[in-house]
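The values are calculated or read from the model by the stated rules, or taken from the named source; none is laboratory data. Just so it is clear, the structure is predicted and the values come from calculations on it, not from any experiment. Surface areas here come from the heavy atoms of the whole protein model, side chains and all, with no ligands, DNA or RNA. Shrake-Rupley method; radii C 1.70, N 1.55, O 1.52, S 1.80 Å.
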Amino acid sequence: MKLHDTHAHLLFPALAGQLPAVLERARAAGVGRVTVPALGPDVTELARTLHFAAATPGITVIAGIHPHSAAKATAEFLDAVVAAAEHPRLVAIGEIGLDFHYDFSPRDTQAAVFVDQLDRARAAGLPVVLHVREAHDETLALLREHPALPGSVVHCFTGDAAVAARYLDLGFYVSFSGIVTFPKAVEVREAARHVPSDRLLVETDAPYLAPRAHRGRTCEPAHVRDTLLELAALRGEDPGALAAAAWDNGHRALAARGGGLELTGIERMR
Ligand SMILES: [Zn+2]
Ligand SMILES: [Zn+2]
C-alpha cells in the first residue's frame, strides 16, 4: 500500500523536532509522499518549507495565507507565493478559505484575502487547497465569482454529502482526515461513502486530529494509514484498491509538477 498524506504540518514544533523519526515511521506505514503547507505571512516560513522540500524526497508544498491569519496578510508574502510558482515542489496555493468557527480574523477580511488568493492562483495556473469551517455556503458563493482551477482540493472535509457534491461539481478533490474515524462524525462519514474514488484524497492534518486509534497522541503522517483503512471499510472497498486510487488522485492534484518524489532518501536527513 502506497499512501500520500495530502496535508501535514511537518514543520510545526510538535513534529519538527523529531522529523527523521516521523518520516521513518511514515515510510514504514507505506507513506510515499507528504504535502506540507507553508503558511504566511512570514516569508521566511515559505523559504524554509521549500528548502525542506527540495532536500527531502517525497515532499510537496502548498503556500498561502490561512483564514486565521487573514488580518495579517501582506502583499510581500502573496507576491512571494506567486513568485514561488516556478519552484517544482510548490503544487498549489493553500490552505486558503474561510473559517467561521474560530473567527480569528474578521469575516470580511477573510473573504477579501481568500478572493485575492483565488485570483492569484488562477492567474498563476495553480490549483488551490481550501480550509473551510462552518462557511461552506459562503465559500461556494465566492468560488462562483472567482473560480478555482479544476483539480483543486477541499482539505480536512467537514461537511455532509450534499456539500461534498457541490465541491465535486466544481471539479474539486475532497480530502478526508482522521475526523472520518470518529463515530460521532456521522455526516462526514456519510460524505465519505459518496465521494467517487477518483476524487477522494486522504490526509492527517498532523499534528492535529489523530485518528481514533491514536487519540491523545500527536498526529503524524504514519497515521494516514488508519484513516485510509477506515475509509475503505466505510465504503466497502478493498483497502489496496482505494489506496491506489487515492495515490493517483494525489499525484494528479498535488504532485504532478514535482513528480517522482517518493520517500526513498530519508536516510540523507539523518
Ligand atoms: Zn486546515
Ligand atoms: Zn492545515
Legend entry - Amide H contacts of ALA38 (H built 1.01 Å from N, under 5 Å, at least 5 apart or other chain): ILE62, ALA63, GLY64
Inset, instruction - For the chain, with all protein chains present and a 1.4 Å probe, just round the carbon and sulfur fraction of the accessible area to a whole percent. - result: 54 percent
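Could you calculate, for the range 3-269, the ratio of the Cα radius of gyration to the Kirkwood radius, expressed as Rg to Rh?
Details: Rg = 16.8 Å, Rh = 18.0 Å.
Using only Cα positions, Rg/Rh for the range 3-269 is 0.93.
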Inset, instruction - Return the sequence-ordered ³J(HN,Hα) values of the range 29-42 in whole Hz as given by the Karplus equation 6.51 cos²θ - 1.76 cosθ + 1.60 applied to θ = phi - 60°, using x for Gly and Pro. - result: 8, x, 7, x, 7, 9, 9, 10, x, 10, 9, x, x, 7
Legend entry - For ALA255, residues with placed amide H under 5 Å, excluding near neighbours: none
Inset, instruction - Could you tell me whether the range 134-202 comes out rounded, prolate or oblate from its Cα gyration tensor? Rule is a ≥ b ≥ c as square roots of the eigenvalues, rounded for a/c under 1.5, then prolate if a/b exceeds b/c, otherwise oblate. - result: prolate
Inset, instruction - Work out from phi, with θ = phi - 60° and the Karplus expression 6.51 cos²θ - 1.76 cosθ + 1.60, the ³J(HN,Hα) of each residue of the range 86-99, listed in order in whole Hz, and give x for Gly and Pro. - result: 6, 5, x, 8, 7, 10, 6, 9, x, 7, 10, x, 9, 10
Inset, instruction - Note down the relative contact order for the range 3-269 as a percent, whole number, built from C-alpha pairs under 8 angstrom at least six residues apart. - result: 24 percent
Legend entry - Karplus (6.51, -1.76, 1.60) ³J(HN,Hα), θ = phi - 60°, over the range 105-113, in Hz, Gly and Pro reported as x: 10, x, 4, 5, 5, 3, 5, 5, 6
Inset, instruction - For LYS72, LYS2, give the ranking by accessible area with the largest first, probe 1.4 Å. - result: LYS72, LYS2
